[in-house]
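The values are calculated or read from the model by the stated rules, or taken from the named source; none is laboratory data. Being a predicted model, the structure only gives us computed values, none of them experimental. Here Cβ is always computed from backbone atoms with ideal geometry, including for glycine, and neighbour counts include all displayed protein chains.
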Amino acid sequence: MKKFLSICLILSIVSIQGAEFLSPDRIEKGMEGFGLTSFTGSEIDTFNVKILGVLKGAGVGHTIILARLEGGPLKETGVLSGMSGSPVFVNGKLIGAVAYAWIFSKEPICGIQPIEEMLKASTVKGVDLKKLVPLKNILSISGVGSSPFLDSLSGRYDMEVIPSGKAKEVVKKLGVGSPCGVVLVDGDANIAVLGTITYINDKTVYAFGHSAFLSGKCRLPFSSAYVTALLPSIYSSFKFLVPSEIVGSVDFDGFSGIRARIGQMPEWTEYEIKIGGMDRKYRLAKANFLYSYLIGTLTFENLIEAIGGDYAGTAKGKISISLSSPMAGNRKIEWKLFSSGEDLHRKLSMEISSLIDILINNPYDTLNLRSISLNLNVSNKVMGYKLKEIKLLKSEFKPGEKADIHLVFSRYRMGDTTLIVYLNMPSIEGDYKIIAGSGSSLYDKSIKEILGSNLKIGISRYLSYLEKRPYNNQLRVELVSKGNRLGGTLLPQFPPSIEMIYRGEFSKGEYVIRRVKKFLDGEIYGIKKAEIKIKQNSLGEK
C-alpha cells in the first residue's frame with residue numbers, strides 16, 4: 001500500500017449534503033427505501049429496502065430496524081459480509097446502516113443499526129437478540145498465509161479471513177456506500193478489516209454499523225477500498241475486498257460502529273524482519289491489543305519461508321525494540337534469541353509474541369513502540385537438549401557440603417546425555433529446592449512472579465530487568481530457599497517461634513541463594529525440580 005498522500009490529491013469526498021435522519025420511533029412496518037453499497041470495484045450500487053419492523057433491545061434507547069433487501073446479487077447471495085455499514089434511506093432520510101443478519105437465513109433479511117446510535121460513539125452493548133449477530137467484518141490478507149495468530153485474531157473478533165492480493169486500483173472517490181478499511185499491517189504484507197461507509201459529515205466518517213474490535217478511543221489507519229468479487233455461501237456470503245489508499249485514521253471504535261477522521265495522520269510501528277538474505281519491512285497499526293497477533297503472524301510467515309517445508313531447524317539472533325514512555329523516556333531493549341526444534345516457526349514466533357506481550361502489558365507505564373527489528377540466522381539442523389530429570393545420590397546434605405547434581409537430557413534423534421554440575425550447600429539448615437532449566441525459562445518465570453507480586457519496582461527497573469533475559473541455550477541450576485516476604489523484601493527462614501510473633505506481617509515466599517550457569521550448544525527445554533534437606537547430621541550419619 002502506498003504511503004499516506006495529501007487528501008486533496010487522492011480523495012474526493014462524496015456525501016449527502018444536508019442529510020436528514022429518520023428516528024426508529026417514526027419507522028413503521030411496510031415502509032420502503034433504498035440502500036447504497038459496492039458490489040464491484042469502487043462504484044456505488046443501489047439496492048431496495050422494505051421495513052419489516054423495529055426490534056427493541058435490552059439497553060435503554062437501543063433498537064434494531066429489521067428489513068428485507070432486494071436488488072443486484074442479493075437474491076442469490078443474501079446479506080453479504082462486507083456490507084456492514086451500508087447506508088439505508090427511507091423517505092430520503094438516513095435511518096442507519098446494514099449491520100446484522102441471521103446465520104443460515106435463506107432470505108436477505110438484515111438488522112439495521114440506527115444512525116443515532118452510530119453518532120453516540122459508545123462502547124456499551126445494547127441489543128441482545130438470539131441468533132441476530134453482527135455481519136462478519138472482512139479480514140483481508142495479502143503477503144501472509146494462515147497462522148495460529150491470524151486464526152486467533154479472526155476467531156476472537158468474528159471475522160471472515162479473505163485473501164485479497166496487492167491493491168492494483170487507486171480509489172480516488174470516497175462516499176457513503178463506499179468500501180473502507182481499518183489497516184492493521186502495511187508494507188510487504190497487508191492486513192485490514194473492511195466494511196462500508198455509512199455517513200460523512202465534513203471530514204468525519206461513520207462506518208461498519210458495529211465495532212471492529214470495540215477498542216474505544218484509538219488511532220488506527222483508515223483506508224479506501226474496492227470489491228473484486230462476491231462469493232455466495234449457505235453459511236455466510238461475502239465480498240472480496242482489497243484496501244487501497246490510507247486516507248485518515250479511526251479515532252473511535254464503538255459498539256455501534258467506527259468513526260474516522262479524513263486527513264488525520266495515522267500512527268505506525270515499524271517492523272523489520274531480516275532472516276539470512278531476506279529483508280522484509282512492515283508498518284503495524286499502533287495498538288497494544290493487536291501487537292501479539294500481528295508480530296506473531298508476520299514472524300510465523302517469514303520463518304516458514306526461511307526454513308522450508310519440514311519446519312525443523314535452529315534460529316539464532318536478536319530482537320531490538322525502540323520505545324518511549326512518559327516515565328522511562330526513550331529506551332532501546334534488545335533480547336537474544338536461540339530457538340531449535342521440529343516446529344521452529346511456531347515455537348519461535350510464539351516466544352517473540354509472548355515477549356512483546358510481557359513488555360507492553362506491564363502494570364507500570366504505557367509504552368509507545370516506535371520500531372522493532374528482528375535479525376536471525378537459521379539452519380535446518382536441530383540442536384536441542386530436553387531435560388528429563390534431576391538425579392541426586394541422596395536427598396539430605398550437611399551445611400556447606402558440595403553436592404553433585406546429575407542432569408539427564410534427551411537429544412534430538414540421539415541418545416540421552418548426562419551433565420554434572422556442582423552446588424555448595426548453604427550453612428543454614430532447612431528445606432530447599434533444586435531447580436534446573438533454561439536460563440530464559442527461569443527468567444520468564446521470575447518476571448511473572450514480579451508482576452504477580454505487585455512489587456512497585458517502576459517501569460525503568462522493569463525494563464532493565466527484561467533486558468537481562470538470557471539465551472535459551474543457557475543452563476541454570478538454582479538452589480531455592482523457602483522464606484518470608486516482608487513488603488517487597490525476601491527474608492530467610494525463621495524458627496517457628498519467630499514466625500508466631502510476627503504472624504500476619506510476613507507472607508511466604510522463595511528466593512534463589514545459589515546459581516550455576518553453563519552454555520550448551522543447543523536450546524534447553526523443560527524445567528525440573530528436586531526437594532532436598534540441609535541437616536547437620538545428614539541421612540546415614542550417626
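Go through (1) modelled with pLDDT under 90; (2) in contact with a strand residue (DSSP E or B) (Cβ under 7 Å, 6 or more places away or on another chain) one by one and return the number of the condition residue 338 breaks. Going through (1) modelled with pLDDT under 90; (2) in contact with a strand residue (DSSP E or B) (Cβ under 7 Å, 6 or more places away or on another chain) one by one, residue 338 breaks only (1).
Scanning the stretch 246-290 for residues that are over 18 Å from residue 219 (Cβ atoms) and either in contact (Cβ under 8 Å) with a residue 60 or more places away in the chain or of a type outside the set (A, V, I, L, M) (or both) gives 255, 256, 272, 273, 274, 275, 276, 277, 279, 280, 281. Within the stretch 507-527, at least one residue is at positive phi, modelled with pLDDT of 85 or more, surrounded by 13 or more Cβ atoms within 10 Å (Cβ to Cβ) and under 35 Å from the mean Cα position of the chain (by Cα). When we screen 320, 339, 354, 324 for residues that are touching a residue at least 24 places away in the same chain (Cβ under 8 Å) and in contact with a Ser or Thr (Cβ under 6 Å, 6 or more places away or on another chain), the only hit is 320. When 400, 437 are screened for being of a type in the set (Gly, Ala, Ser), closer than 20 Å to residue 515 by Cβ, modelled with pLDDT of 85 or more and in contact with a Ser or Thr (Cβ under 7 Å, 6 or more places away or on another chain), only 400 passes. Within the stretch 190-216, the only residue that satisfies the criterion of being in contact with a helix residue (DSSP H, G or I) (Cβ under 9 Å, 6 or more places away or on another chain), crowded, with 24+ Cβ neighbours inside 10 Å and more than 16 Å from residue 256 (Cβ to Cβ) is 191.
Quick grid of which residues meet (1) of a type in the set (S, T, N, Q); (2) more than 18 Å from residue 143 (Cβ to Cβ); (3) modelled with pLDDT under 95; (4) out of contact with any helix residue (DSSP H, G or I) (no Cβ under 8 Å at 6 or more places or on another chain):
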{"residue": "250", "(1), (2), (3), (4)": "no, yes, no, yes"}
{"residue": "253", "(1), (2), (3), (4)": "no, yes, no, yes"}
{"residue": "261", "(1), (2), (3), (4)": "no, yes, no, yes"}
{"residue": "265", "(1), (2), (3), (4)": "no, yes, yes, yes"}
{"residue": "269", "(1), (2), (3), (4)": "yes, no, no, no"}
{"residue": "272", "(1), (2), (3), (4)": "no, no, no, yes"}
{"residue": "284", "(1), (2), (3), (4)": "no, no, no, no"}
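What about residue 162, is it more than 18 Å from residue 261 (Cβ to Cβ), at pLDDT 95 or above and among the β-branched types (Val, Ile, Thr)? Judged against the criteria, residue 162 is not a match. If residue 428 meets every condition in (1) within 25 Å of residue 472 (Cβ to Cβ); (2) of a type in the set (A, V, I, L, M); (3) not in a strand (DSSP E or B) apart from one, which number is that one? Residue 428 satisfies every listed condition except (1).
Taking the stretch 81-117, which residues are under 10 Å from residue 65 (Cβ atoms), in contact (Cβ under 8 Å) with a residue 60 or more places away in the chain and of a type outside the set (A, V, I, L, M, F, W, C)? Passing the criteria: 96, 100, 113, 114. Would you check if residue 391 is in contact with a strand residue (DSSP E or B) (Cβ under 6 Å, 6 or more places away or on another chain), of a type in the set (Lys, Arg) and surrounded by fewer than 16 Cβ atoms within 10 Å (Cβ to Cβ)? Yes; evaluated as a whole, the condition is true for this residue. Exactly one residue out of 52, 94 is hydrophobic (A, V, I, L, M, F, W, C), in contact with an Asp or Glu (Cβ under 9 Å, 6 or more places away or on another chain) and part of a strand (DSSP E or B): that is 94. Checking each residue in the stretch 164-222 for being of a type in the set (A, V, I, L, M) and in a loop (DSSP other than H, G, I, E, B) picks out 167, 170, 171, 176, 189, 212, 214.
Checking each residue in the stretch 90-106 for being buried (at least 17 other Cβ atoms within 10 Å of the Cβ) and within 23 Å of residue 237 (Cα to Cα) picks out 96, 97, 98, 99, 100, 101, 102.
Among residues that are over 27 Å from residue 464 (Cα atoms) and assigned by TED's automatic domain parsing to the domain that holds residue 344, residue 313 is included.
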